[in-house]
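The values are calculated or read from the model by the stated rules, or taken from the named source; none is laboratory data. Since we're looking at a predicted model, the values are computed, not measured. So basically every Cβ, Gly included, is an ideal-geometry build from the backbone, and we count neighbours across all protein chains shown. All accessible areas refer to the heavy atoms of the entire protein, side chains included, with ligands and DNA or RNA removed. Shrake-Rupley method; radii C 1.70, N 1.55, O 1.52, S 1.80 Å.
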Amino acid sequence: MKTQHSAAAVMSNEATGGSRSDWRNFLLLAFVGLPVVMVGAIAAYGFVVWFLQLAFFGPPS
Amino acid sequence: MRKLFRFIADLFLRPSVRIGLGVLVTGGFIAGVLSWQGFNTAMEATNKEEFCISCHTMHDNLLPELQKTVHWNNRSGVRARCPDCHVPHNFTDKVARKMQASREVWGHLVGTIGTREKFKEHRLVLAQREWARFSANGSKECRACHDYKDMDFDKMRPSSQVAMRSAAARDQSCVDCHKGVAHQLPEMKGARNPAFDTLVSNASGQSVSAGNEYYLVVPQDLFADEALTQRIGSVEVATQVKVLETKGDAQRIELALWRKNKGYGRVWYSNFGLNITSAILDKEMARDAGLVNVLASQEDPMTGLEWQQVKASAWMRKGSLIDSVEPIWTIARASYNTSCSVCHRQPDEAHFDTNTWPGLFAGMVGFTSIDQDTARVVLKYLQSHSSDFSTSQHGAGSPEGALQTARP
């Protein structure tokens, strides 16, 4: 069971390019992907609040 | 698409084999700190006056206007910048306001306020948005800098003390009274009171029969001919007229009013001796015996002027008459009660007489945000419910009394 799992991991690791691609994925995710998602989420939150204000709540108190 | 999903799932679920956990966590931590800092820096940059001004000055002179006020330059050396007043200070509302600014970016691209002229035209709409915002949050932004609890009312100018004390007692929103603190006020000319829209739509559904009396819900131009080409004057809102006939889009009405026998006698009033403006004729027409029928004359003992009872008929566009004046007064009363009770209790309508109201009203209306059309209706309402028309004893609503009780 255990050997099988690590064998599969090694295989797929090799399939996608090894530790170089791990580093690339990590850096892209941490410094580009997630910050973009954060900004997007905050913007979406802002829009949602604004639309709720337009539709139901009126200007903030 | 499938592949992308696959890639993302792998990215999150498949453990890294070669990079140590500590390195990953540390890297993630650093990335988190940097991006949060970057986000805040960006927020701050878009909250800088220079940023606002990059759009709002060159074209429309908001900055030069601000520079003439106390918030630009004062003995204390504290400056109020655009975002101090205009951008909410807490996170959620601030983010929402920033996203709302997508409308500003769009407006900038399209050029809604690209020139001073366009800006002046559009200004009222923008100002009303800001007024609504300030009145909803009780002028929170102003109160970040100066709030009632920190004010020493005794040190204020005497002219400020009564108003400011009663404002503090009611915890009232600053911008209710202090409109135009930082910029020129928009012209109220284009403003419309939405309450009138209902009235106008009621009027268009009103069935009108010849020979009956009706009231105007909006001012109308008067014409000599059925085709409505020869303008001879205008008739005011809430004026009573008798309908003579309706032809197509036009209606012939009869005006039975009073005028002063002085000058041309262009301005016609609804009652003898009372300056309630009801119609204004063009100069040439006012003395035209073919149009104007003088029924009687009477001298006003107060002024020694001779008043004439006059009658005339004219054409106007149909669709602005209703059979009762009460709905008009209801709107006027509501407007009066909200706009004129901001600084003092609104005086009783019957506390002054008809000919005193116009002067008092003209002195006060500038303090309010009533638009021009509504102001005319409110004045007419006050005049028509003044002591000249009231049967009850007046005095209870005296403004002296109101100001007195406003004092703590």
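With N set to the residue count of the protein assembly as shown, report its C-alpha Rg divided by 2.2 N^0.38 Å to two decimal places. Numbers along the way, then the final one.
Details: Rg = 33.4 Å, N = 469, 2.2 N^0.38 = 22.8 Å.
After normalising by residue count via 2.2 N^0.38 Å, the value is 1.46.
Defining a contact as two alpha carbons under 8 Å apart and six or more residues distant in sequence, what relative contact order in percent does chain B show?
With pairs under 8 Å counted, the relative contact order is 13 percent.
Placing +1 on the Cβ of each Lys and Arg and -1 on the Cβ of each Asp and Glu in chain B, which of B:ASN61, B:THR26, B:MET43 has its Cα farthest towards the positive end of the resulting dipole?
B:THR26
Return the residues of the stretch B:84-124 for which accessible area with all protein chains present is lower than in the chain on its own by 10 Å² or more; set the probe to 1.4 Å and exclude ligands, DNA and RNA.
Residues meeting the cut-off: B:PHE91, B:THR92, B:ASP93, B:VAL95, B:ALA96, B:MET99, B:GLN100, B:SER102, B:ARG103.
If I stretch the segment between B:SER204 and B:HIS89 completely, what's the gain in nm (0.36 nm per residue apart, minus their alpha carbon distance), one decimal?
36.7 nm
At 7 Å along the Cα-to-beta-carbon direction for both B:VAL70 and B:ILE19, put a label point, then send me their distance in nm to one decimal.
Taking the simple label geometry, B:VAL70 and B:ILE19 are separated by 5.8 nm.
Between the stretch B:273-333 and the stretch B:41-109, what is the separation of their alpha carbon centroids in Å?
50
Be a star and scan the stretch B:300-339 for residues whose amide nitrogen sits under 18 Å from the point 7 Å along the Cα-to-Cβ vector of B:THR356.
Hits in the stretch B:300-339 for B:THR356 at 18 Å: B:302-303.
Once the dipole of the stretch B:62-210 is set up with Lys and Arg at +1 and Asp and Glu at -1 on Cβ about the Cα centre, which of B:THR112, B:GLN206, B:MET151 lies farthest towards its positive end?
Checking the options against the dipole of the stretch B:62-210, the answer is B:THR112.
Taking the convex hull of the alpha carbon atoms in the stretch B:1-102, what volume per residue do you get, in Å³?
183
Let's see if you can work this out: charge +1 on each Lys and Arg Cβ, -1 on each Asp and Glu Cβ, no other charges. What is the dipole magnitude of chain B about its Cα centre, in debye to the nearest 20? Please list the in-between numbers first.
On the way: 48 positive and 44 negative charges, 399 e Å.
The dipole of chain B has a size of about 1920 debye.
With a 1.4 Å probe, what is the total accessible area buried between chains B and A, in Å² rounded to the nearest 100?
2500
Given a Förster distance of 22 angstrom, what is the FRET efficiency for B:GLU187 paired with B:LEU63, based on the Cβ-Cβ distance and rounded to 0.05?
0.65
Please calculate how many Å² of accessible area chain B carries per residue, with a 1.4 Å probe and no DNA, RNA or ligand atoms counted.
57
Per Stokes-Einstein, at 20 °C and 1.002 mPa s, what whole-number D in µm² s⁻¹ belongs to chain B, with the Kirkwood radius over Cα pairs as the hydrodynamic radius?
Working: Rh = 26.5 Å.
The Stokes-Einstein estimate is 81 µm²/s.
Can you compute the modelled spin-label distance between B:GLU284 and B:HIS122, with each label point 7 Å from Cα toward Cβ, in nm?
Those two pseudo-labels are separated by 4.2 nm.
If the chain between B:ALA132 and B:LEU34 were fully stretched, how many nm would it gain, using 0.36 nm times the residue separation less the Cα-Cα distance? All intermediate terms of the calculation are to be shown ahead of the outcome.
Values: separation 98, 0.36 × 98 = 35.28 nm, distance 3.75 nm.
Stretched fully, the B:ALA132-B:LEU34 segment lengthens by 31.5 nm.
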